[in-house]
Amino acid sequence: MICISIGSNDFNFCCQVIENYEFVEIRMDLCNFSEFQYKQLFQKTKKAIATFSKNEIEIDSYEYNLLFKSMDYGAKIIDINYNWNIEVKEKLIQYAKSNKVEIICSYHNFDLTPSKYDLLHIIENINAYKIDFIKMATFVNNRVDAARLISLYEFNFPNLLIVGMGELGKI
């Protein structure tokens, strides 16, 4: 199944995308909609991921509350950031599980692909939360980085999603 990422401030455009695709990611960090508009988007989708894909340690209270509301509005999956503080992650995970919403925990590195050891350490830390999916998204600077990312599949993590960012990250 293909997931289309939506990050536009044009509400009508987003509605059109949702009508044409079964699975969408709503990038709430890039969209600037009212809560009522977010509610409409999530209610129109068959399967939607709610996410703030900023690589920051802190999530502000508006974003935090909007993730909770997105689950109430109909988001089927939430994407939480590995770098957020533990308390924030645990509260979102608990709420998602109690509402039968699937959970992605994402690690992003917009500069480089860490060592295999570091990547495996991050995956192990995320696995401790017993979430549905782990997403590793790193910037690929060369073929060795791309091979390192792909090599993570050797470890048979059944819930691992890998994203290679940059020109050399395309497969």
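Could you work out how much longer the chain between Tyr21 and Lys91 gets when fully extended? Use 0.36 nm per residue separation minus the Cα distance between them, nm to one decimal.
22.2 nm
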Point to revise | Most positive-pole-ward Cα, His121, Phe13, Phe155, against dipole of the chain from beta carbon charges | key: Phe155
Practice item. Step through the residues of the stretch 10-18 one at a time and calculate ³J(HN,Hα) from phi using the Karplus curve (6.51 cos²θ - 1.76 cosθ + 1.60, θ = phi - 60°), rounding each to whole Hz and writing x for Gly and Pro. Key: 8, 4, 5, 4, 4, 4, 5, 4, 4
Review point. Taking all protein chains as present, what is the carbon and sulfur share of the accessible area of the chain, in % to the nearest whole number, probe 1.4 Å?
Key: 52 percent
Exercise for review: Tell me the label-point distance for the pair Arg143, Lys39, using the 7 Å Cα-to-Cβ offset, in nm and rounded to one decimal.
Suggested key: 5.4 nm
Practice item. Could you rank the peptides 79-86, 164-171, 135-142 by their average count of other C-beta atoms within 10 Å per residue, with the highest value first? Key: 135-142, 79-86, 164-171
Exercise for review: With a Förster radius of 22 Å, plug the Cβ-Cβ distance of Asn32 and Asp72 into 1/(1 + (r/R0)^6) and report the FRET value to the nearest 0.05.
Suggested key: 0.60
Practice item. Evaluate the charge dipole of the chain about its Cα centre and quote only its size in Debye, nearest 20, assuming +1 on the Cβ of each Lys and Arg and -1 on the Cβ of each Asp and Glu. Key: 480 debye
Revision key, fill the gap. The stretch 94-139 accessible area per residue, 1.4 Å probe, protein heavy atoms, integer Å², reads 51 Å²
**Study point:** Inverse mean reciprocal Cα-Cα distance (Kirkwood Rh) of the stretch 43-117, Å
**Key:** 13.0 Å
**Study point:** Cα-based radius of gyration of the stretch 1-75 once divided by 2.2 N^0.38 Å, which approximates compact folds
**Key:** 1.02
Practice item. Using only Cα positions of the stretch 85-165, each an equal point scatterer, no hydration layer, compute I(q)/I(0) via Debye at q = 0.12, 0.23 Å⁻¹ and quote the log10 values to two decimals. Key: -0.36, -1.07
Review point. What are the residues whose amide H is under 5 Å from the amide H of Phe23, where those residues sit 5 or more places off or on another chain and H is modelled from the backbone?
Key: Ile4
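The values are calculated or read from the model by the stated rules, or taken from the named source; none is laboratory data. Since the structure is predicted, the reported quantities are computational estimates derived from the model, not experimental observations. Reconstructed Cβ throughout: ideal geometry from the backbone, glycine too, with neighbour counts over all protein chains shown. When the accessible area is computed, the model is the full protein with side chains, heavy atoms only, and any ligands, DNA or RNA have been set aside. Shrake-Rupley method; radii C 1.70, N 1.55, O 1.52, S 1.80 Å.
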